[in-house]
Each structure stands twice: as C-alpha cells, then as structure tokens.
Amino acid sequence: MIPLVISITFSALAALVWGLLLGGISRMVTARIHGRIGPRLTQNFIDVWKLFRKKSSIHHGTMFWLAPMFRIAGAIGVLVLVPLVVGNTVIVNMSFSGDLLLVVYFMFFGCLGMALGAGDSGHPYAVIAVSRGLAQMSSYELSFSAVILVLAAGLRTLSIEEIVMAQQDGILSWNLFRYPFATAAALITLLPMQMAYPFSIVLAPQEIPIGPPTEYSSRFLSFMLSGRAIFGVAKLVLFVNLFFGGASGWVSLLFKTFLLYMFPIFVSTVFPRFRTEQSIRFLWFVPTSLAAIDLLRVMI
Amino acid sequence: MVVALAVFLPLLGAFISVWLTRRKPAMSAIVSQLFLAGGLLSTVLLSIRLGAWSFNDLGNSVILRTGVGAPPLSINLEATGGAVIAAIVVYAATILGMSRLTSRNAKIQPLLLSLVTASLGLLFATDLFNSFVFLEIGSIVTIGLTAACRCRRRWEVAVKVALVSGLVTILYLLAIVVIYKSTGELRFEALGMLHGFPALLVSGLMLTVIMTEIKAFPLSGWGLDFYEGASPGFAGVYSATWSLAVLMWSAGILPRLPIPNFQILAWIGAGGLVLGQLAGFRATSPGRMMGYSSAAYASILLVLAGTTTGHDYLQLTLVLMVFAAIAKFTVFMLADPENENPLKSAAGYLLLLPILVIAGIPPLPVFWAKFKLLSILAGVSPLMLVAVVAGLFFEAVYLLRLWSKRPVRLIKSGRLVPMMTSLLLAAGAVWLTAGFQRSLSFSGSLLSSSTLRILFMTVFGAGTLLTLPGAWNRIKGERSYWFWMLLSGISLTFLPMAGNGMTFYILWEVSAFAAVIAVSRGSRAATGTFWFAVFAAASGFLLLASIVLSGSMFIAPGIPLILVAIAALFKLGQMGAHLWSVRAYSAAPATMSAFMAGTSSKAAVFLLVIAALGTGAVTMPAGSVLAWAGVLTALSMAVMAALSSDYKKVLAYASVSQMGYILIGLGLASVMGWTAAIYHTFHHFLFKMILFLGAAGVIFRTGTSDYNRLGGLIRRMPLTFTFTLIAVIAFAGVPPLAGFGGKWFLYNGLIETGWLPIALIAMFASVVAFLYAFRLLHAVFLGQLSTVNARVKEAPLALLIPQGILTAALMLFSFRPTLFLEHIIPAIESLPGLGGVAPVINGTIVTTPIGNWNAWAVGMMVMGLFGFAFVFYWLSGKRPKHVGQLDIGFAGELPPSAEEVHYAGNFFKPYKRALAFLPRIHAGNVFSGITEVFKIAGDSVRAIFTGDARTYLAHSLIFLVIILIFLRGGI
Amino acid sequence: MYCNKLPDKPDDRKKIWDKVDNMARANSLWVTAYGTGCGAIELRPLHTSRFDMERFGIAMRPTPRQADVLIISGYLAVKTLKRVIRVYEQIQDPKYILALGSCTINGGMYYDSYNTLNILDRYLPVDVYVNGCMPRPEAIIDGFSLLMSKIKAGKADGWKHYVDNLEYYRENQKKVIHNWDLPDYNW
C-alpha cells in the first residue's frame, strides 16, 4: 500500500513537472514560429505558482469547487492506470487494474467534472463552451472507438501492458507500422483531445471568455492548469504505449512524449479554428474512414 | 311450472300494465317491476334446480308443454342450463334499465315486458315455428320501442328495423315451408333430417336469416345504424335482452344446419371479423362503436359454430355472449341521453371495465373463453387464427380510443346501474377465475435458473415498493393511481414464477393494463394513454397468438418465436415503437413513469430470456438482427434525447436507448453477452429509477418539467442533485461507478464474437449519452436559479428515501461488482446453449480472455485521490468566498435576470446543424402512414354501409344468392 | 443574488516565502483584456513579434476573474468608470492598476470635459502611471518594468489601500456616477 502511494505520488509529480515544462516548451516553440522570442521555459510553473498564491478566491457553489478535484482525480487516475515504463517493476502504479476500455472511459471522469463546474459557475458562456466541447468530443470518440476496436481485435487483447508487449520486436512491430491508418486516425483525434487548433472550439479564447474555466480564479485555476498538464502527459503516455512501442526507459519515455507533443503544437500554430459543426463533420468522416480501412482489414 | 312462470309472468304483466298506465301511472312502474322480479325469481330457482352454475352440464333441461297436441300447434319450451343463465341476464337488464326508459314515457312498459317474454321464449324454444312467433313479437316490439324515444333519428331507425325484419320474416317462412314439405315436422331436429336440394336451400336461407338477425358482417349495416340512432337506454336494454336471446337461439340452430363442411361458417366468421373491425376504425359515435363490437361478437359466434362442438361449444358460447351483453349494457347505461355525443360525460372505471371485458383482457371473464377458442383455432388453421387475432386487435384499438379520449366528468344521476352491472362483471371474473384456476401454474419452470428468477423478482418487487410511497405526492390534475401501480407491480413480481403460457399471459396482460390505467390518471393524459394502450394490446395479442400457436411448450421455435420477439420489441420501444414509450412517460404521473421505466420494461427482457431458452437451446431468432435493432435504437434515441427539452421525455428516450444495449447483449447469445444484458438490466433498474424519482421530486415541487423553466435547483434541492448526479455518472458508464461494467462486458462480448461494426456504433452511442446526461444535469440543477423557483423546498421524504436506498445499492455494486457477478455468472453459465467463454472472477478482479477489470482498486484509487485533493484544499490557505449568483464576469455589466442568463434551450444547435444533411425520418410519420393505410382499407370496406335501408336488404339477398352458389358448388 | 459585504481583510504578515511569491507575481502578470479608452490601440502591438510582451510572462486574459492587472488605457469616461469598478472588484487579490496616458494623471487633453475623470487616483488606486499621449509600446513596457520591480519590492499594494479606504473611493465614485445602480459591493 505505502509503496503504491509513493509511486503514485512520484508519477503524479513527475507528470506535473514534465507537463508544465512541455507547456513552456510549446509556448516557446510557438513564439519562435511567430518570429517572437517567447516566454521562459519555466513560465508555466511561475503561472501556476502565482495563481496558487493569490490572496483571495471565490466560488459559486459546491459543484464549482468540487470540479477541480474531479479534474485532478481524473488526470492522475488516467496516468496511474497506464503503464509508464515497460518492464519497470518499481513504478507499477495500477496498470493491472484495468484495461484500455477502462482508461478510455475514465478519461471522461475529469471532463465531466469540469463540465459540471462550468455549469455551476452560472456563466452562460462556460456552458456554451461545454456544449460545444461535448458535441466535438462525441464526434472524435467515434473514430477513437474504431481505433480501439482495431487494436483490440487485431492484437486479441485489451490490456495495455500486452499491447505494449506486442510491439517489442523492433521498430517495425510498432502499431504505427502495423496499423498505419488507425494510427493516423488516432493522431488526428489527438488534436481535439489536446484542444489544439483547428479543434479548439472549447476554449476559444476570443469568442467566449476562455470556455469552461471562465469563472475560475486563483487556486482553482491553478488546480485546473496542473490537471491539464498531468492529463496531457497521461494522454501522451497512453498514445506512446498504444502506437509507438511503449517506453523502454525513462529517457525514451520523455523523448517519445516530447516528439508526440510537438505534433499538435505544430499543427495548431498554422491552422485557424473550425466552427463546431465543421469540426463535427470533419471528425465524423475523415478519421473514421481512415480507421475503418484498418477495421476492415482486421475483420477479414 | 317454474318455466311457465319464468316465461309468461312478464306477458301477464304486460297486459296488466297496459291498463295500469292509463289509470294509475304511478303504480304501473312498481307493478311492472314486481312482475319482473317474480319472473327473475322463478328463473333463478330454475337455474338452481338445473345445476347450471357449475358450468359442467349445460345440457340439462326441463321441458314444459303447453297447449294440446304437439307443436307447432302448441308451444313447447325447453329450458337448458345455459339458456337459463342467459334468461337471468335478460331479466336483470330489464329490471335495471326499466326505470330509465320509462321515466319519460310510461306507456312503453307493456312493450318492454313483452320484449322480455319474447326473449325468453326464443331462448327456450324447441320448434322452428314457435321460434318464429317469438321472433316476430320481438321484432315488432323492437320497432315500437325504437320509435318511442325522443331521439332525432328514431323514425329512420325504426323503418330500417322494420324493413329488415320484414325480409327476415319472408326468408324464414320460406325456409319453414321447405322444411315442413320435406320432413313433415318443425322441431329443431327436423333440420338434421334434410337431404339434397331442400337441405341446400334451407341452409342458405337459415344462414342468411341468422346472419342478418345477429348482425354479422357483412350483413351488419342495419345493426350499426340501429345502435347509433336508437336512444342509448333502449340500445343498452336491447343488447342485453333481445340481442342476447337471438344470439343464443342462433347458437342453438347453427350446429344443426345441414351444411356439408362447418368450416365454411368459421371462415365467414373470421373474414367478417377482420373486415368488419377494420371498417370500425373511423367510428366516433359510441353507439356505432358498440354496433361494430356486436358485429364482432356475432362473427365470433360463427367461428365458434364452425370449429367447436359439444360441451366446449355450449360453454364458450354462453360465457362470451353473456358477459359481452352485460358489458355492452353497462357502456350504454353510462350515456347521457340529453347529449348529442352521449359518452362525453362518462366516468372512468365504469367505462373501462366493460371495455376491457369486451376486448377480452384477463382476468375478466371473456378472456378465458377467448383463450380456449384461440387454442382450438390454433389446431384448426393458423391462418384463421391470425385473422381472428387481427380482428380482435382492431376491435381493441377503437374501443381503447373510445375510453382513453373521453373527458372525465361524471354525470350526476345514473351511476347506480352501471356500478351494479360492473359488480356483476367483476363477480363473473372472480367466479370464472376460480373455476379455471386449475389450469394456472406458478411453478417457475419457464426459467431453469432460480438465481435469475430471484433476480427478476427482486427487481420487480423492489421497484414496486420503492415507487409506492411516491404515489401519494400528486400534482394538480392527477388522480389517485397507487392501486393500479401496486396491482401492476404485484402481477409483475409473480411473473417469473409463471409455469405455463396461460399464467404468463394473464400476469403480463394484467400488469400491462393496470399500468395503462395508472398512466391515464395523469393530467392531460389522453393521447399518451391511447398510444400506450394500443401498443400494450398489440404486444399482448402477439404474445397470445404465439402462446396459442406453440401448443404445449412455452414458445415453439419458428413463427411463434418471431412473434414473441416482435412483441418484446414493441414493449421495449425499439425501432420506431419508442413513440408510445415517450408519450406514455410524458403523460403519466411522474412516479408512475419511474415504476414503468424500472420494472415494466424489464418484463420484456424477461420474456425474451425465457423465449430464447424455451426449446432447451438458446434460439435467438437471428441474433444479429436483434443486435442491429438494439444498437440503431440506442444511437437514434440518444440523439433524440440530446435534442429534447423536456425532463421526462429525455428520460424516456434514455430508457429506450439503454434497452437497446440490453438487446445487443441478448442477441449475442454468448455467456459474455448475456452477462452484459443481465448486469445492465439490474443496474439500469437502479439508476433509471433514481433518475425518475428525482424527476418526480423536481416536477412535484416546481410544477414543470420544461428545461427552459428550471435551473439552479442544486441550491434548493441538494440531495436530489446528489442522487441524480451519481445516477447520471453511473449510466454514462464512467468508472468507477456501476454502469461501466455493463458496457465493458458488452464490448468484450462483441469483440469476442467479432461484431465490430455493432461495437463501433454502440461505443459511439454511449458517448452521445454524455450529451443528454450533461444537459439534464445542467439545465435542471446547475446554472442560474430563477426567481420563480427561488423558494422551492427539497423533494418530499417519500421520494428521497427510495432514492437514497437505490443510491446506496448503486454505490455498493459499483465498488464491489463481484458481489453481484459471482452469483450471476454461474447462473448464466448453467443456462443451456450459450456459447463463448465465461468471465472469470478472482477476488475483486474480473478477467475475460482479452481484458481485466478491478473495480475495487479503481474505486479505492478515486476515493484516495479525492481524499488527497480535499486535504490539499484544506491546507492551501484562506477559504474561498461564496459569491452571489449573479456575480459573474459579465463584461462589467450586471446580468439582467437569472432567467436570461441560464442556458438550457437549443443546447446542441451545432449538432443539429451538423446532422442537417440526413433526411428527416420521423417515426411518427411512419406510424401515421401505417394508420392511414388501415383507415383507407377500413373506409373501402365501410363503403358498403350506405345508410340506405334498401342497400341492407340487397346485402341480405346478395348474400343468400352467394351462399347458395357456394354450397351448391360443394366445398 | 449579489455580494453584500466587504472582502475579508488580507493577511498582512510577512512570511519567508513572500520573496518567491512576489517574484512569481511579477513574472507572470495577467492583464484583463479590456480596452477602456484610446490607449488600447497601443496595447495591441505588444502581442506582436516586434515588442513581444510574452517574454515577460505578460498575457491577456478574457475575464477579470483570471487576471491580475487592469490597464486603464487613456481617458476614463464616467460611463466606463461604472463598468471598470465592477471589473476591478471582480479581480482577485493581489491586483494592480496600470494607468496609461496623461488623462489619467491630470485630465490631459480632456481636462474640461463633462464626461471624463481628471485624477484617476481619486476613484481607483493606481500603482503605476505611464504618461504620454498615448504612450508608445516601449513606454508601456517600461511601465510594466516599473510595476514588476514594485511588486518584487513588495510595495504594490493599491488593492489593500482600496479595501481599507473604500468609503473614500465610493464617495468619489458616486459623486460622478449619478445613476448608481450597482450593488454596493461587487466582489
């Protein structure tokens, strides 16, 4: 029990640090693409600490202040259910407690919490953002489900550990090469998952005041940002495990997640934002068709 | 002697009352009633002497001879057991109806009394010419009584009756002449002594006469006009006296006709039933509907005569005709003679009971007879069975429309008589049930696994008990419905214990119709009740047909199994049948909706389970078809729910959608699939009931179920919100709560069987469920609290405590699903015929060939993380300040009002826009289209009833010619 | 519905980690994206690659709830003051005001207008003035630097002053805003 708590705490802290660092790196990269200098690498840490140390904060109700808790619990939960480094017996967390389906559905836990908090804030724009976000989420989950079915039926297993194990025969056994279309579809769905342009309708900062976190301030906002960081890292680790052969060591994990993180960043700096119905239609048809190619292959 | 008294006392009374009504009108009514009472008494004594009440020996008889010599010069009457019971009904009806008829016009008393004599004479006659005498008396008295009321159309109707009676007389006398010439005698037995051409001629003539008199389709035109145009009081008395007598007389004659093949009669009856009832779809006047119903029973008599003989025949005829007569009498007695549309002011139960009797719903008396008839028909010809069932269904449809679409006001006077006859009907139900109860069986042998049986019984029983306290919280406009809900629940609880098809069917129908009645007690419930009733009748009839076609086992594979599958799909609301579900749930009182969602829908699941197991191997009729039906329904209903703005409608759509998942599980026909289905059934019961009870609380306190008028109720109803939140998280399938397990097993099963497209759509549908789940929570509980609802209180304890119990159970099973699974999985494994690998339980971990799930660990992890977060909050400095509701960052302005800042309507407009490329298929239009087809078919049949009496005469003559040709051609 | 009392008195004791806190606050200034006057046009170039305020950690936030700094950019009309009061009070502590332009210092070009305020400090607690008409982006960055050094030194406490002397500020505000239909407290 105690070792488990320690390993979970360690994983969460490591994910937090890495997530905030990745955020800083992404802001710098974006700035360089824009021709600017960009903030420090540690800017996100400073932001989170400043928010945490604000001297006052407000809340709108019980669900409002519970929501960041949902978010953090959801984020750390997903991180903990996914194996971090393949074959590592020290930091095992709870990757044997649930399989891929559990992880995918558990990802909704945090989103649900944040949506409820947005609702309780009483701000209509927050709820508008949530409704758009839900509509978009249901669309990308269609193709993501197809990808999951491809993996489950193709590799005859739903357990993430075993999926990783099946990719250990060298670089060509990665699911990236075994099921390229499914991977392509999954990468497209990574964009709305990370709320990157062109699918950033949820947090559209210029349209509605920042979306669900509209009424959040000070320490709640710092929790939200931390949650977002950890959640981002958890999703990246999941993708690395599913498609890129897992991580054989800590360096390999950091390297692969960094590379994968750059993909939404590069895409988002050059694209404008889709309207909701455009993104819904795009996500219904394009990634699903890609995943369907591999799905047919697996079924036959 | 008693027979003489019974028959002739009214005649004596008639003569005396002719004199009395002129001299002493006040006394005449009492005197007439005295004579009738005397006659009734003697009839009762006669019945006791004959031992008619045990229904065993209806052929026992007492013979009375009058006059000198043999008939036809004298009148010989033979009172059989069955005829005596009918005679009692005749007397009772006249006694009860007399005061209403004679209150206006005392001079018709002699006519009424003569009608009684004529009826009894017809019932007891043994001789064709004697019958003719009584037939004439009856016809003439009918004409007189028809003309004696103050109705607008009395002369028109009276002339029609006169013309038709005249034709009947002519034909009948022709027949008598032929019979006398051939055989030299005129007793009933003489019919059997005919051969050759006279037999042919007499058969044709008698058949025409009988069909015209009993008003069977296609010769029912004059009957329809008569029932519509005559005064309701007289029509009622007529249907229970003269009409009954004619039916019983015809029942006596029909078997003796020298027809080569009696199946002709059955086919005429079956065909007439279908076509005649089809024509009745557009009837609006209650009198005319009763006319169509009489035509239905006449056709049933023909079917009976064509397929049964001996004791069965006597028994079935008696039960059907007698109880139908009492029921029709009751319906007519409820009418208000002043009113143009007489039944506008009829009352609730008093109208319902006779309608249910006529429609043949168990446990009311007519049901037993119909069941026996249908069992016999199944042996004769399935096509005839289908025709008869279809005809009965059409009749049920327009009768239910009559009942469900009337307003509620009860007329002041005239309640006593219908109440007494309803009591008679109820007494008949009890007596017959006691008589037939040997054929019921509660052994529970339909489902071999006792664990599953206990599971279903727990679900049904707990559902009833938990919703019962809430039934006392009624909003304005709802009437008391707890009794019907309780009745429905009790019969459902006994459903898993049924041991044979008949018991199952009875319990099924009782629960369905009790639920219909309870739903009708909601405010503004007319359309919803009608849809519910029609679909309940439809699935009931389908079930009945398939039980009857299966013979000795429960459900035979092949056609009966397909019929049962369709019945279950209707009841679950799948594939377009969701319309009844949505309308009924919205119309019903909120707690009743909770009951229906939690229990009645599970009954259909139970039906599918035992039907599939019926033959000893799991025979899902094309399981993948069922699975596709389920998944498409799940998706489309989820989208409909997301786009809907009414609390109860959303929950109704959600219920139907979740039932789709269960259907997929059942269709898989593997251990994993059935585990998913049973798991989901149980948990769906838990969380759907919480949701509906929560909705009941909200609607009770705020008075509205419209999203646009609710909002912010978390501040005033926090407990309801908590329970609803937990239930919503559960049904969205988010771990660690319970609903995830059902989805997990389902996807495992689908991947194992290789049905990946279905799995994809199912996963998509479960994500769409998030949409309406969140909208529900936000629009009702979160957001801004409007000033209108600023003072509402928390829901009453009667609703909160059941929610709490269910939530506790839900949490228990979320964290420890193995407690539930370790009983269920072995039970499902023990069922024969299911393929696939079973999930394995290892402590708290459930393992399948491709995945694993440890709910306890996940739950503990979440609890731990929450605890950590709480601690962190506590340690992180000053408490946050709770700000006012309208203190939001609104660009520096003050938000105008709470209502204007609450976003609940048009929530998923982008979704609707994105879906705009799909064609707009509206299930309601499909159903309207189907009903239009039926109505047009009915119209074309109805075109023969032109309202012109000469047409009706032509009908009889044409029928005579056709039947003669038919019989001549030799069948 | 609305707020009905003052916020709690802030915790004023000096702590050892104040230095770290102030460094964090200074290096991560979030500005409410509210252009109150003509100076807002000079704020836009700060986003671009020529002046790039993001390297200082300054970012624009769309709601006052998430911001630290409110920039009064230019003359403050009375009509705008009513909204700015509500926006300012909705910002969480600690908060700072950066006033741009001469109009905020002494009325500037519009000193005799019926519609604008002359000395902003009477109505809202200003931490840093940046004079000019309008101050160029370089000047604004200079103002930000001054604000950041004030924060690091622990001296930017306009927000404390506002809460402690609320009656004074309110009296001045109500003198110019005649149709006062705001709540008395807008936190």
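In the protein assembly as shown, with Lys and Arg counted as +1 and Asp and Glu as -1 at Cβ, which of these residues, B:Thr421, B:Phe570, B:Leu334, has the Cα nearest the positive end of the dipole, that is, farthest along it?
Checked the options; the winner is B:Leu334.
Read phi for every residue in segment B:263-275 and hand back ³J(HN,Hα) as whole Hz from Karplus 6.51 cos²θ - 1.76 cosθ + 1.60, θ = phi - 60°, with x for Gly and Pro.
Once θ is set to phi - 60°, the couplings for segment B:263-275 become 5, 4, 4, 4, 5, 4, x, 5, x, x, 4, 4, 5 Hz.
Relative to the longest principal Cα axis of chain B, at what angle does helix B:482-494 sit, 0 to 90 degrees, rounded to 10?
80
Taking 8 Å as the Cα distance limit and 6 or more residues as the minimum spacing, I'd like the relative contact order of segment A:17-61 as a percentage.
Relative contact order, segment A:17-61: 34 percent.
Using +1 at the C-beta of Lys and Arg and -1 at the C-beta of Asp and Glu, which of B:Gly884, B:Ala515, B:Phe721 has the Cα lying farthest in the positive direction of the dipole of chain B?
Result: B:Gly884.
If you take each beta carbon of peptide C:31-37 and count the beta carbons of other chains within 10 angstrom, what is the mean?
For peptide C:31-37, the averaged partner shielding equals 1.
Kindly provide the chymotrypsin sites (Phe, Trp or Tyr not before Pro) of segment C:9-111 that DSSP labels as loop, not H, G, I, E or B, and whose Cβ sees at most 13 other Cβ atoms within 10 Å.
Values: sites: C:Trp17, C:Trp30, C:Tyr34, C:Phe51, C:Phe56, C:Tyr75, C:Tyr88, C:Tyr96, C:Tyr110, C:Tyr111; in loops: C:Trp17, C:Tyr34, C:Phe51, C:Tyr75, C:Tyr111.
Passing sites in segment C:9-111 are C:Trp17, C:Tyr111.
I'd like the mean, over residues of B:859-870, of how many other protein chain beta carbons sit within 10 Å of each residue's own Cβ.
6
With n ≥ 4 as the cut-off for DSSP H runs, can you work out [θ] at 222 nm for chain A, using -39500 (n - 2.57) per run divided by the number of residues, rounded to the nearest 500?
Helix-only estimate at 222 nm: -24000 deg cm²/dmol.
Cα to Cα, under 13 Å, and not fewer than 8 places away if on the same chain: which aspartates and glutamates meet these conditions relative to B:Lys912?
Hits, sequence-local ones excluded: A:Glu277.
Taking Cα atoms, how many degrees apart are the long axis of helix B:718-732 and the longest axis of chain B, rounded to 10 and kept between 0 and 90?
90
Determine the dipole magnitude for chain A: charges of +1 sit on the beta-carbon of Lys and Arg, -1 on that of Asp and Glu, nothing else is charged, the reference point is the Cα centre, and the result goes in debye to the nearest 20. Walk me through the intermediate numbers first.
Numbers: 20 positive and 11 negative charges, 189 e Å.
Here the size comes out at about 900 debye.
Is there a quick way to get the dipole size of segment A:1-128? I mean about its Cα centre, with the Cβ of Lys and Arg at +1 and of Asp and Glu at -1; what is the value in debye to the nearest 20?
The calculation lands at about 700 debye.
Can you spot the aspartates and glutamates whose alpha carbon is less than 18 Å from C:Lys155's alpha carbon? Ignore those fewer than 8 places along the same chain.
C:Asp11, C:Asp12, C:Asp18, C:Asp21, C:Asp68, C:Asp93, C:Asp121, C:Asp127, C:Asp142, C:Asp164
Once both axes come from the Cα atoms, what is the angle between helix A:276-299 and the longest principal axis of chain A, in degrees from 0 to 90, rounded to 10?
Its long axis makes an angle of about 20 degrees.
Give me a single rounded figure for A:69-79: the average over its residues of other chain Cβ atoms within 10 Å of their Cβ.
Shielding by partners across A:69-79 averages 4.
Packing-wise, with mean Cβ within 10 Å as the measure, how do B:528-538, C:159-169 rank, highest first?
Sorting B:528-538, C:159-169 by mean packing, highest first, produces B:528-538, C:159-169.
In segment B:72-158, what trypsin sites (Lys or Arg not before Pro) fall in a loop by DSSP, with at most 11 other Cβ atoms inside 10 Å?
B:Arg150, B:Arg152
Please arrange B:Tyr679, C:Tyr129 by how many other C-beta atoms lie within 10 Å of their C-beta, fewest to most.
C:Tyr129, B:Tyr679
Tell me what chain B gives for mean residue ellipticity at 222 nm when only DSSP H runs of n ≥ 4 count, each as -39,500 (n - 2.57), the sum divided by the residue total, rounded to 500 deg cm²/dmol.
Working: 37 runs with 668 residues, N = 971.
Rounded to the nearest 500, it is -23500 deg cm²/dmol.
Under 26 Å from the Cα of B:Lys602, which lysines turn up, not counting those fewer than eight places away in the same chain?
B:Lys571, B:Lys648, B:Lys649, B:Lys688, B:Lys743
Taking the Cα centre of the protein assembly as shown as origin, sum charge times position over the Cβ atoms of Lys and Arg (+1) and Asp and Glu (-1), and report the length of that vector in debye to the nearest 20.
Approximately 2500 debye in magnitude.
Values in this text are rule-based calculations from the coordinates and carry no lab data. Given the structure is predicted, the values throughout are model-derived calculations rather than measurements. Cβ sites come from the backbone with ideal geometry, for glycine too, and all protein chains shown count toward neighbours.
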